[in-house]
Structures are given as C-alpha cells and as structure tokens.
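As structure tokens, the structure follows; a few thoughts come after it.
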C-alpha cells in the first residue's frame, strides 16, 4: 500500500504499470486519474493547499479502511499540492484485486473518502479572480453508501 | 470511442496516457486492466478464442449503450485473443467524464457487458490438462443491476 | 447457410464451421438437423441450456426464426474480460 | 497550543497559525476566545457550520474536549480528489 503526497507532477501511465507490476497475481487493476479541468476556457491555474502532517495520516487511514472492506492485492494513492495548470493530473488512485468488483468498489470508496476526508483545498485562479472550490453536497452524500 | 480486438500485447500505461491526452477537458479518467492470473502456480498459458466479425460489433454496441447512459468524453476498449501467459494483460477499458461517478459507472458497465456479451472464450492450459473457463453465475447476475 | 462453432462446441464437433442447405424454420429445427449428422453433433448439442446462439452475429434465442439468416453460430456462454 | 488555519480561514485571519495559551475546555470555547482577538477572527468564525475542525490531526467536533490536545486546526470542508 503506497501513499504519496507531493508537489511535483507524476506520470499516470508509468505509475499504473509499476503498480500492476508490484501486485502480480491480481487479475484486476483499476485506476482513477483526476485532471484539472479548464473552467470555461479561462482557468489560469489551480492552487492546492493541504495540511502537512495530517494529510498522509488521513489518507493512510482511508486506505486501511478499504483494506478491511475488500480483498486487495494492493492500493496506491498519489495526491499533489501546490500550483497546477489545466490538463495537469491532480491525483491518482489504483487498486488491485483478484476480481473486478473488489477493485472497482475499493477505488470508488477511496475516491469518495479522499474527496471529503483528506485535508486538501482547491483554489481556482481565473482572469476574473480567485475562488476557493466549494465542497458539493453530493460529495458528502456519496459517503453514506459505504 | 475506440475499440480494438488484437492478438498482440499492449502497454496499459501508454494506452492510459494517450487516452487521457485524447479527452482533454474531462476531469475524471478510470481504467480497468485485466491480467492473466496464475492458476495456483501452474498455468502454462491461456488461449483466448473469439468470433471475428461479431466481436467488434458486439463491443461497439456495448460502448454505444454506455454512451447513452452516461456523459462520457471518451471510452476505450482493447481486448486480446490468442495465446497469453501468466501476468500478460488480457484486456483494458478506459472511460473519461467530467465527474468521477460517470466514469466509474461506465467502466463497470463496460466490464460487466464485455464479460458476458462479447464473444470471447478462455481456455486454461496447465500441467494437469486444458480446460475451458466456465462462465460464473455472478457474472450473468451482474448485468441485472444496469 | 454458414454454421459456426466456437470453444468446446467446435472441439466436440471437430470442425469450426459447416456450410449447409437447410429448410429449418427455427434454431431449434436446425439443431435437430445437426444432431442427425452424427454423434459429434449429438455430443455438442446434448444440453442446449449450456449453449448460446448468434444469428448473423447478433445474440439470439433458440426459438428464433432463421428466415433470411445467412450465418448461425453456436458457442458456450462467453468468458471475456479479466 | 498550536492553532492552524487553512484555505479561506487562513486568508481571513491573515496568518497560517497562532500559538496560544488557553484554558478553553472545548473547541467551541476556543472559538469564543479566538473571536475576541479581533474582526479578522470574527470574520473567519462567522459561520461555524461552514467550518471543520481537527484535533491533533484527526477530524473532530466543535463540542469535543481540548484536554491533552496540542494542535487544533480550522478549515473549510475538504475539496481534494478530481
């Protein structure tokens, strides 16, 4: 189980391949990559703030919870902070299991919890000003299904 | 939307990156990779037979159905046939959407339908003989949730 | 009409396809004719519930009409994916 | 006790952290003390429902006890992920 919180970018394809390599024996590998969307063609940059110290702890706790719920051969979480541009990868989750259902469920669980329980905050900088991205009710609601 | 049915291997990481590149504007990219599992340490090879002509048609129909159900910026399906060894990638699905829920749901839908509705048959060759992989009731049941 | 066989259906029959002249009205009628061709066919079609059928490359049913159909394929349930 | 602020809470207060001496028994008590520090703090804490709190780097509640706590952090709901 690997958790990385980092400022530098990463290569999702390379990460997927090395993750798959590391979990030999798993038949199913699921990945999720989050990419900075352009906000109506005018996003200048995205700033991601986090809470050093708490961040890795919170993510590790979420990953541990996923391990108790599903039979996982491995899990990977990478989340960036700092300054990002449109099209940059923000974060990635990968899960591996014997069968597809566990891998899919665990990846969705990790995403839902990362979204609302890991201490990251996004700010969008556009030509018309800066604004903090607001949490969506549906993201909080998504937790209730687990 | 890309569908490839091929004998040669492919690189999931490269495919993921070029897919992500091709769907700029999507915030969420999900991938699923299916890998040949070793059968208790004695799988010599896996043979995948398919129905040329019907295969791409069946997969395209499944992808079209996914497009009507979810808002997708793109979808990719690669499925191999022929002779594979333990650890080889069998197939891959990738989906891209604005938000994660659509991308996850569409990827799971594609997998469930590919599994039971695309004309592929797997045969495992081990030291103790050859055997056709049998369809599992739970794979057929998985279709009922959509 | 082309009749195609895949996976263990093909192995039991021993050939991947037959080209036949038939007046069979439905898939079930065609299966009766095929069974008459010998014990390989009887073996392949011994339990219809274990089989699937495609008509002109679309999944279909055993009571479907063969009117206008050019290609029939018999095979076990599919096992693609991971 | 270290008190940390993130995102717009940090921006409203103008500093990322304060180190304070306090006898506050609960998070709510601490917030009352912080509000007394000036209008930046009143602005940051004007609507508690828009805030989250972590005690020693674990999410907690506003009525939680501060007994033994070394680090308190205030921030808006998280927005990580995609």
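Laboratory data are not the source of any read-out in this text; all were calculated from the coordinates shown. Only a predicted model underlies this, so the values are computations on that prediction, with no experimental measurement involved. For neighbour counting, all protein chains shown are included, and Cβ atoms are generated from backbone atoms with ideal geometry for every residue, glycine included.
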Along the Cα→Cβ direction, 7 angstrom out, place labels at residue B:136 and residue D:42. What is the inter-label distance in nm? 6.3 nm
Taking every residue of B:113-120, the Cβ atoms of other protein chains inside 10 Å of its Cβ average out to 6
Test item: D:67-80 mean partner chain Cβ contacts at 10 Å: 6
Tell me the relative contact order for chain A as a rounded percent, counting alpha carbon contacts under 8 Å between residues six or more apart. 34 percent
Contact order relative to length for the range D:2-75, counting C-alpha pairs under 8 Å separated by 6 or more residues, stands in percent at 39 percent
Note: probe point = Cα of residue A:144 + 7 Å toward Cβ; backbone nitrogen < 11 Å; residues of the range D:60-82 passing the test are none
May I ask for the angle, rounded to the nearest 10°, between helix A:54-69 and the longest principal axis of chain A, with both axes built from Cα atoms and the value confined to 0 to 90°? 30 degrees
So for each of D:16-22, C:5-11 I average, over its residues, the number of other beta carbons within 10 Å; can you give me the resulting order with the highest mean first? C:5-11, D:16-22
Would you kindly compute the Cα radius of gyration of the range B:2-144 and its largest Cα-Cα separation (Dmax), both in Å? 15.5, 51
Could you tell me the distance between the Cα centroids of the range D:1-65 and the range B:82-117, to the nearest Å? 46 Å
Under a Gaussian network model of chain A whose springs join Cα atoms within less than 10 Å, the largest fluctuation of A:99, A:50, A:79 belongs to A:99
Counting only other chains, what is the mean number of Cβ atoms within 10 angstrom of the Cβ of each residue in peptide B:21-30? 5
Arrange the peptides A:88-98, B:117-127 so that the one whose residues have, on average, the most other Cβ atoms within 10 Å appears first. A:88-98, B:117-127
For residue D:62 and residue B:10, what is the calculated FRET efficiency with R₀ set at 56 Å and r taken between the beta-carbons, to the nearest 0.05? 0.60
Could you please point out the chain A residue with its Cβ nearest to the axis of the rotation taking chain A onto chain B, and the distance in whole angstrom? A:13, 2
At 4 °C in a medium of viscosity 1.567 mPa s, the protein assembly as shown has a Stokes-Einstein diffusion coefficient, with Rh taken as the Kirkwood radius over alpha carbon pairs, in µm² per second, of 52 µm²/s
Over the Cα atoms, compute the radius of gyration (one decimal) and Dmax (the largest Cα-Cα distance, rounded to a whole number) for chain C, in Å. 11.8, 40
I'd like the orientation of helix A:100-117 relative to chain A: the angle between its Cα long axis and the longest Cα principal axis, in ° from 0 to 90, rounded to 10. 40 degrees
Output, in nm with one decimal and in ascending order, the distances from the residue C:59 label point to the matching label points of the other copies (7 Å from Cα along Cα-to-Cβ). 4.0
Just the number, please: Stokes-Einstein D of the range B:15-81 in µm²/s, Kirkwood Rh from C-alpha pairs, 10 °C, 1.306 mPa s. 108 µm²/s
Closest to the C-onto-D rotation axis, which residue of chain C has its Cβ, and how many Å off the axis is it? C:82, 12
FRET efficiency (residue C:49, residue A:126; Cβ distance; R0 41 Å; to 0.05) is 0.10
In degrees between 0 and 90, to the nearest 10, how far off the longest principal axis of chain B does helix B:12-22 point, with axes built from Cα atoms? 20 degrees
Compute the separation of the alpha-carbon centres of the range A:52-66 and the range A:9-36 and state it in Å as a whole number. 19 Å
In percent, what relative contact order does the range B:10-83 have, based on Cα pairs under 8 Å that are 6 or more apart in sequence? 44 percent
Given the range B:98-144 reduced to its alpha-carbon atoms as identical point scatterers, what log10 I(q)/I(0) does the Debye formula return at q = 0.22, 0.25, 0.34 Å⁻¹? -0.82, -0.91, -1.17
